[in-house]
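Since the structure comes first, as structure tokens, the remarks are kept for the end.
The values are calculated or read from the model by the stated rules, or taken from the named source; none is laboratory data. All of these numbers come straight from a predicted model, not from anything done at the bench. Every residue, glycine as well, gets a Cβ built from its backbone with ideal geometry; the counts of neighbours run over all protein chains shown. Side chains are part of the model used for accessible areas, which takes the heavy atoms of the whole protein and leaves out ligands, DNA and RNA. Shrake-Rupley method; radii C 1.70, N 1.55, O 1.52, S 1.80 Å.
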Amino acid sequence: MKITRRHLLVLMPAAAVAWKFVLAGTPEASPNYQLTEHWWAMLMDLTKCIGCGSCVRACAQENDVPDGYYRTWVERYHVTDWKIERPQVESPDGAKQGFPANELSDGKNFFVPKLCNHCADSPCTQVCPVGATFISPDGVVLVDKNYCLGCRYCVQACPYGCRFINPKTMTAEKCTLCYHRITKGLTTACCEACPTGTRQLADLKNPKDPIHEFLKTHSVQILKPHMATGAKVFYNGMDGSVR
Amino acid sequence: MFKDIEHLIRLAVVMLIALIVFIVVRAHVVPRSFGQYGHYRGAALGEIASRPVALAGHEACETCHSDVADLKKQGKHVVVACEACHGAAANHADDPGSIKPAKLDTAILCARCHEANSAKPRGFPQVVTADHANGVACDTCHQPHRPKIDLQPETKGTKK
Amino acid sequence: MQIPVEGFMYPNEVELQWSILIVLYPFITGLVAGAFILASLERVFRVQAVKPTYRLALLTALAFLLVAPLPLQLHLGHPERSFEMYLTPHRSSAMAMFGFVYLWYLMAVLLLEIWLDYRRDIVLKSQTSTGFPRFIYRVLTLGSDNISERSLQIDERVGYFITLIGIPSAFLLHGYVGFIFGSVKANPWWSSPLMPIVFIFSAMVSGIAAVMLLYMLSTRLRGREIDMRCVDTIAQYLMYTFIIDFSLEMLDLLQRIYEADESFRSLDFMVHTRLWTSQVIVQILLGTVTPITLLALTQFLKFSATARKRIYAVAGVLTVIGIFAMRWNVVIGGQLFSKSFLGYTTYKMGFATREGLLPAIALMILPFIILWVLVKLLPPWPDAALSASGATAAHGTS
């Protein structure tokens, strides 16, 4: 704990230089970033989630998400006994401040973080009339805010409720999987801030990515599989009541 | 014969002119990079990727705050990234002299993660903060970067 | 402004995306398609009885078609970018394709048909009028004032051909609006292959009713006698299409109730609470069952002409209200429930806001102003056409 100011000042210049690279978007990975060599996804290990909302706050700070709108959020489920078709769900302010204490013991309780599933067959990009939202070559569903009409058809088409209209830009907005970070070799803001390792960014095209081993050894689900969206956020330990 | 369909020919010409105008305008107005990778503006990828970063990432913090990092490594908070508690601090990392992360209120901060909640995984250390801390700030007893309190049997329950 | 929520909504769902303006859009395009189909009836199937409404129906269709894109435009976040829809249309998007269907219908069908039908009047007017109207008529003649017997015959044939294309186009126009909703698989309230068909039939119903009302009203205003044979026939058509429309909707409903899929409980609850007034009371009871019953009564019982006129007027107004309620229930109803099927939100309509009630009312008045101008410019009255130069064009008089 004892660190002198001097110590810091000596350290500073070197670190500052390294940091400049990150800010300029050129840490090692970035100049050689090849669009075709990645296929991004996320792993969500629900057995670890503590519902602290760190991801929601980090996302809001990282992406300037306006208050009352969410690129990611956390839900708390409460399922009594066998009634898995009627869970009680809540997500106060998207869990930006975590969850109030609860001690419900009649049944099971758990948290489910949500974000854009970056579907490979995304219904939202399908309906965009002008090509303002699209799947990037590296598998991320993005919105071109300089081209979007704000017709909101994509918001209607998303089965997961992941899109909204930004009241400032009046264009559709959604999780970019922190495209500005992952293309610089950083992880997403939500994964960075997740204290438990619930969220893990995964690159399906990278054979060394631990996700492959994980998928091999766990029973993993996606949300609303009957929608056939090709969702790429994989949930481990997800209860049947989640929708 | 021709005279009797002249008005239709005129109409066809008007429509043709409209079509040509449309095609010419279209050729000029559609953004250059449209269609580069697919049915969208290829330049959008670069625009989205060039957004500045707000969370620097714990590696960046650790280059300067190696003392905190070392301390953190001794306890279970090693898994908790600096910015999960301190908030986005890229602009501090960029210019530590003039921008500092806001002071934290441990009563809120620690409770978000540790407040007892039946939805949390069983093994996660959690307390009912009202009973546990009695309104005393968490960091009077716990060092935030290495929260474990090494209990000697006789000091159990007393401060520090 | 806190929006009341019941149960659980995904946090981004609380706010409704498509407002009353988007309710107007299928309502208005429906009137267009319906009015046009009524006009085509006369021309293609040579139903002489509805002849007096032919031109009026065309002009009504045009007036509403010109207004149809405005509510969309007003609701866009970036109206100035809407032309992108024509520059880089996304082929897999129902909305983008609708842009082209709209353009096709406006330019290739409606304007052409009206132009061909009125060309003789336009040429005559360009010679008799003065001042600014004269200029407009001159432009409309495209510089050709040939109205020889032969050229008019050609116009008649081309016009017939266009009407032939026009009927499927009108179906396409409104079927497409239905498809915009029916193809959203994420939304069980919309997602249905019947949606385009239901939209087409409800469009015909509203269009026929609107033209019937407009005809009765305009004849009244001009102090002429209402042609009873005409309105009787229209009312009959109205009843038949309405019955088909209602059966289709009931078919959809029965299927939903019987299948009772995962969304059913949620939607059922919504219909019994938030949509009870607009769906069950206004749309079904007041706006569908009542007019059908009224129209059916005129078929079975012998009423005097005045009584029939009154019944038609009441039935027509109820019909238009009912179809509006149907659009409302589709558009707004489809956004009141959560896609998690666990909760409901509320629609708060603004008043003088961009997507509020006031612009909606203004947009509903606008077509009538346009219609008024069009009627001044191109009088649709059969008697007016007669007095202009004796004999009407090749297709017979009423």
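Taking Cβ atoms as reference points and 13 Å as the exclusive limit, the residues near A:GLN34 contribute a net charge of -2, counting Lys and Arg as +1 and Asp and Glu as -1. Between B:THR129, B:ALA89, B:ALA116, the Cα set farthest toward the positive side of the dipole of the stretch B:86-132 (charges on each charged residue's Cβ, about the Cα centre) is that of B:ALA116.
Each other residue within a Cβ distance under 11 Å of C:MET195 adds +1 if Lys or Arg and -1 if Asp or Glu, for a net charge of -2. Sorting A:90-96, C:205-211 by their mean Cβ neighbour count within 10 Å, with the most densely packed peptide first, gives C:205-211, A:90-96.
Among the listed pairs A:LYS174/A:LYS232; A:LYS108/A:LYS208; B:LYS73/B:LYS103; A:LYS114/C:LYS185; A:LYS174/B:LYS73; A:LYS224/B:LYS120, give every one whose C-alpha distance is greater than 27 Å. Correct reply: A:LYS108/A:LYS208; A:LYS174/B:LYS73.
Using heavy atoms of the protein chains and a probe of 1.4 Å, the accessible area assigned to A:LEU215 is about 60 Å². Counting only alpha carbon atoms, the long axis of helix C:112-128 and the longest principal axis of chain C meet at about 40°. Taking a straight line from the alpha carbon of A:LYS145, these aspartates and glutamates sit under 12 Å away, with near neighbours fewer than eight places off in the same chain left out: A:GLU173, B:GLU47. Normalised by the number of residues in chain A, the average gap of Cα pairs under 8 Å and 6 or more apart makes the relative contact order 28 percent. Each residue of the stretch C:188-196 was assigned a 3J(HN,Hα) from its phi angle through the Karplus curve 6.51 cos²θ - 1.76 cosθ + 1.60 (θ = phi - 60°); the sequence is x, 5, 9, 4, 6, x, 6, 3, x Hz, with glycine and proline shown as x. Of all the options A:LYS168, A:LYS145, A:LYS184, the one that moves most in a Gaussian network model of chain A with Cα springs shorter than 10 angstrom is A:LYS168. Accessible surface computed residue by residue for the stretch B:103-152, with neighbouring protein chains in place and a 1.4 Å probe, gives 62 Å² per residue. Around the Cα centre of chain C, unit charges on the Cβ atoms of Lys, Arg, Asp and Glu (plus for the first two, minus for the last two) sum to a dipole of about 1000 debye.
Using the 1.4 Å probe convention, the accessible area of the stretch A:5-236 works out to 39 Å² per residue with neighbouring protein chains retained. Spatial offset of the stretch C:280-296 relative to the stretch C:365-379 amounts to 30 Å, using the alpha carbon center of each.
In this rough spin-label picture, where each label sits 7 Å from Cα along the Cβ direction, the A:SER219-B:VAL29 distance is 5.5 nm. Dipole of chain C computed with +1 at Lys/Arg Cβ and -1 at Asp/Glu Cβ about the Cα centre; of C:GLY223, C:VAL320, C:GLY178, farthest Cα towards the positive end is C:GLY223.
Backbone amide hydrogens, once placed in the peptide plane, bring C:GLY343 within less than 5 Å of C:PHE8, C:SER338, excluding anything fewer than 5 places away on its chain.
Summary value for the stretch B:101-149: 34 percent relative contact order, contacts being C-alpha pairs under 8 angstrom separated by 6+ residues.
Per residue, the solvent-accessible area of chain C (1.4 Å probe, heavy atoms of protein chains only, all protein chains present) comes to 41 Å².
Within a straight-line Cα-Cα reach of under 19 Å, C:LYS125 can be paired with the following lysines, leaving aside sequence neighbours fewer than 8 residues apart in one chain: C:LYS376. For peptide B:56-68, the mean count of partner chain Cβ atoms within 10 Å of a residue's Cβ comes to 5. Note on surface exposure: C:ILE321, C:ILE162 rank C:ILE321, C:ILE162 by accessible area, highest first, 1.4 Å probe. The spacing between the stretch A:67-131 and the stretch B:86-115, judged by their C-alpha centroids, is 26 Å. Dividing the summed -39500 (n - 2.57) terms of all DSSP H runs of n ≥ 4 by the residue count of the protein assembly as shown sets its mean residue ellipticity at 222 nm at -15000 deg cm²/dmol.
Counting Lys and Arg as +1 and Asp and Glu as -1 over every other residue whose Cβ lies under 14 Å from the Cβ of C:LYS309, the net charge comes to +2. Accessible surface of the stretch A:5-236, 1.4 Å probe: 57 percent of it comes from carbon and sulfur atoms.
Less than 5 angstrom separates the built amide H of A:LYS114 from those of A:TRP73, A:VAL74, A:GLU75, all sequence-distant by 5 or more or on a different chain. Would any residue of the stretch A:75-113 have its amide N under 17 Å from a label point 7 Å out along Cα→Cβ of C:HIS272? List them or say none. Inside the label zone: A:86. Centroid-to-centroid, using Cα positions, the stretch C:35-109 and the stretch C:228-247 are 23 Å apart. Rounded to the nearest 20, the size of the Cβ-charge dipole of the stretch B:103-152 about its Cα centre is 200 debye, with Lys and Arg at +1 and Asp and Glu at -1. Averaged over the residues of A:105-114, the number of partner chain Cβ atoms lying within 10 Å of the residue Cβ comes to 2. For the chain pair B and A, the buried solvent-accessible surface (1.4 Å probe, both sides summed) amounts to about 4300 Å². Computed over the protein assembly as shown, the P(r) tail beyond 38 angstrom holds 51 percent of alpha carbon pairs.
Computed on protein heavy atoms with a 1.4 Å probe, the accessible areas place C:LEU221, A:LEU223, C:LEU72 in the order C:LEU221, C:LEU72, A:LEU223, largest first. Tell me, what is the percent relative contact order of chain C, built from C-alpha pairs under 8 Å that lie six or more residues apart? Across chain C, relative contact order equals 30 percent. What residues in the stretch B:75-93 lose 40 Å² or more of accessible surface when the other protein chains are added to their chain alone (1.4 Å probe)? Output list: B:ALA84.
The GNM of chain A, with springs linking C-alpha atoms under 10 angstrom apart, assigns the highest mean-square fluctuation among A:HIS118, A:HIS212, A:HIS226 to A:HIS226. Over chain A, the Kirkwood radius and the radius of gyration, each from Cα atoms, give a ratio Rg/Rh of 1.00.
Each Lys and Arg contributes +1 and each Asp and Glu -1, all at the Cβ; summed about the Cα centre of the protein assembly as shown, the dipole is approximately 860 debye. Heavy-atom accessible area buried between chains C and A is around 3600 Å² (1.4 Å probe, both sides summed). Pick out, from C:THR53, C:LEU336, C:LEU164, the residue whose Cα sits farthest towards the positive end of the charge dipole of chain C, with +1 on the Cβ of Lys and Arg and -1 on the Cβ of Asp and Glu. Farthest towards the positive pole: C:THR53. On chain C, 69 percent of the accessible area sits on carbon and sulfur atoms, based on a 1.4 Å probe.
Here's the list of aspartates and glutamates a cross-link from A:LYS168 could span, going by alpha-carbon distance under 12 Å and ignoring same-chain residues fewer than 8 apart: A:ASP64, A:ASP67.
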